[in-house]
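Structure first, commentary second.
The values are calculated or read from the model by the stated rules, or taken from the named source; none is laboratory data. These numbers come from a predicted model, not from an experiment. FYI the Cβ positions are ideal-geometry reconstructions off the backbone, even for glycines, and counts take in every protein chain you see. Ligands, DNA and RNA are excluded from the accessible area calculation, which covers all protein heavy atoms including side chains. Shrake-Rupley method; radii C 1.70, N 1.55, O 1.52, S 1.80 Å.
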Amino acid sequence: MQANGVVDLGKVFCIITGASKGFGRSLVLNLAPYVCNGSLFVLVARSEEQLYSLKQELLASVCTATSKRLLVRCVPADLGTPEGLEQTVNAVKETAREVKTFERLLLVNNAGSLGNVSKFFVEFTSPEEVSNYFAFNVTSALCLTASVLDAFPKRPGFHRTIVNLSSLCAIQPFKSWTLYCTGKAARDMMFRILAAEEPDVRVLNYAPGPMETDMMMQACTETGDEESRQAMVNMHQKGQLVDKHVSSKKLVNLLLQDNFESGAHVDFYDV
């Protein structure tokens with residue numbers, strides 16, 4: 001792949017949350033061929049076993065095939081808890097102190113959950129349920145991003161890129177998806193503000209399309225609004241869901257081209 005003459009992203013310090021499966025795992029494997037020797041991946045997810053499986057696949061498939069030397073650090077942590085967030089931030093800062101010769105920072109905020117989609121708006125009466133959802137899906141993304149940018153301050157010749165995994169749900173309401181739509185909308189605005197405040201940071205809200213993932217299967221079975229649920233079931237049955245590998249490759253291409261408006265919401269179907 002070559003985009004506007006750019007064939008790689010340079011030597012990258014790359015942090016990807018929700019890396020153990022689905023889109024996140026696919027992105028790690030599709031991104032690795034386009035970083036330079038000595039790049040470092042910090043992979044964050046709840047499942048330690050799946051993270052180390054990904055690490056082995058990454059080292060075996062990409063490094064062996066290209067003779068490229070990549071560094072990989074796995075951080076099994078629950079970003080929905082203060083302890084998990086602190087563990088992740090500390091791991092990033094410790095690793096950053098150890099290796100300081102990177103050309104680019106890339107943080108992909110991919111971790112997220114669907115939440116309870118069986119309930120309608122008027123049924124969300126528990127502050128604890130709502131707070132727990134937003135702790136994982138909004139608070140952690142804000143605090144992790146702020147902490148990472150603090151650990152990697154602006155300096156000449158150093159590129160900083162932040163990606164937020166967005167959704168059509170950030171800009172369009174879906175019945176019985178109160179938590180998910182609200183969380184995605186909040187994250188989009190949050191990263192638009194980052195783009196406005198920090199013009200040297202490249203910020204992208206990427207909506208990967210309706211993919212055939214565990215989250216989509218959950219939506220097909222648990223969505224409370226029957227019309228919405230049936231629409232997703234029909235897409236699944238007709239083979240209309242987006243292949244996660246195709247979508248992750250589109251994101252890699254967007255990063256290589258680097259001509260998006262910072263803070264923009266870019267949908268899979270737009271590129």
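Observations, loosely collected:
- Rounded to the nearest whole Hz, the Karplus-based 3J(HN,Hα) values (6.51 cos²θ - 1.76 cosθ + 1.60, θ = phi - 60°) of the stretch 23-34 follow the sequence 4, x, 5, 4, 5, 4, 6, 7, 7, 3, x, 10, with x at glycine and proline.
- Think of the chain as having a plus end and a minus end, set by charges on the Cβ of Lys, Arg, Asp and Glu; of Met235, Leu27, Cys220, Leu27 sits farthest toward the positive end of this dipole.
- Gain upon complete extension [Asp8, Thr221; 0.36 nm per residue less C-alpha separation]: 72.6 nm
- Based on the Stokes-Einstein relation at 10 °C and a viscosity of 1.306 mPa s, and on the Kirkwood radius from alpha carbon pairs, the stretch 125-218 is assigned a translational diffusion coefficient of 108 µm²/s.
- Its Cα gyration tensor gives the stretch 12-110 an equivalent ellipsoid; the semi-axes, largest first and in whole Å, are 20, 16, 11.
- The chain: most fluctuating residue of Lys154, Lys238, Lys11 per GNM, C-alpha cutoff 10 Å: Lys238
- Here the chain exposes an accessible surface that is 52 percent carbon and sulfur, computed with a 1.4 Å probe and the other protein chains kept in place.
- Cross-link table Lys68/Lys250; Lys93/Lys175; Lys11/Lys250; Lys68/Lys184, entries beyond 29 Å C-alpha to C-alpha: Lys93/Lys175; Lys68/Lys184
- Local net charge near Phe136, Cβ-Cβ under 15 Å (Lys/Arg +1, Asp/Glu -1): -2
- The listed peptides 203-209, 181-187, ordered by packing as a protection proxy, come out as 203-209, 181-187 (highest mean of other Cβ atoms within 10 Å first).
- Above 27 Å, the calculated P(r) of the chain contains 36 percent of its Cα-Cα pairs.
- Rolling a 1.4 Å probe over the protein heavy atoms gives the chain an accessible area of 46 Å² per residue.
- Computed from the Kirkwood radius of its Cα pairs, the Stokes-Einstein diffusion coefficient for the stretch 24-169 at 25 °C and 0.890 mPa s stands at 146 µm²/s.
- A crude spin-label estimate for the pair Gln237 and Lys249, with each label 7 Å from Cα along the Cβ direction, gives 3.0 nm.
- Highest-fluctuation residue, Pro82, Pro199, Pro127 considered, GNM on the chain with Cα pairs under 10 Å: Pro127
- Summary of packing: across the peptides 167-180, 224-237, the per-residue average of other C-beta atoms within 10 Å ranks them, highest first, as 167-180, 224-237.
- Only alpha carbons enter this Debye calculation for the stretch 84-155, each as an equal point scatterer, and the log10 of I(q)/I(0) it gives at q = 0.15, 0.18, 0.19, 0.26 Å⁻¹ is -0.62, -0.77, -0.82, -1.24.
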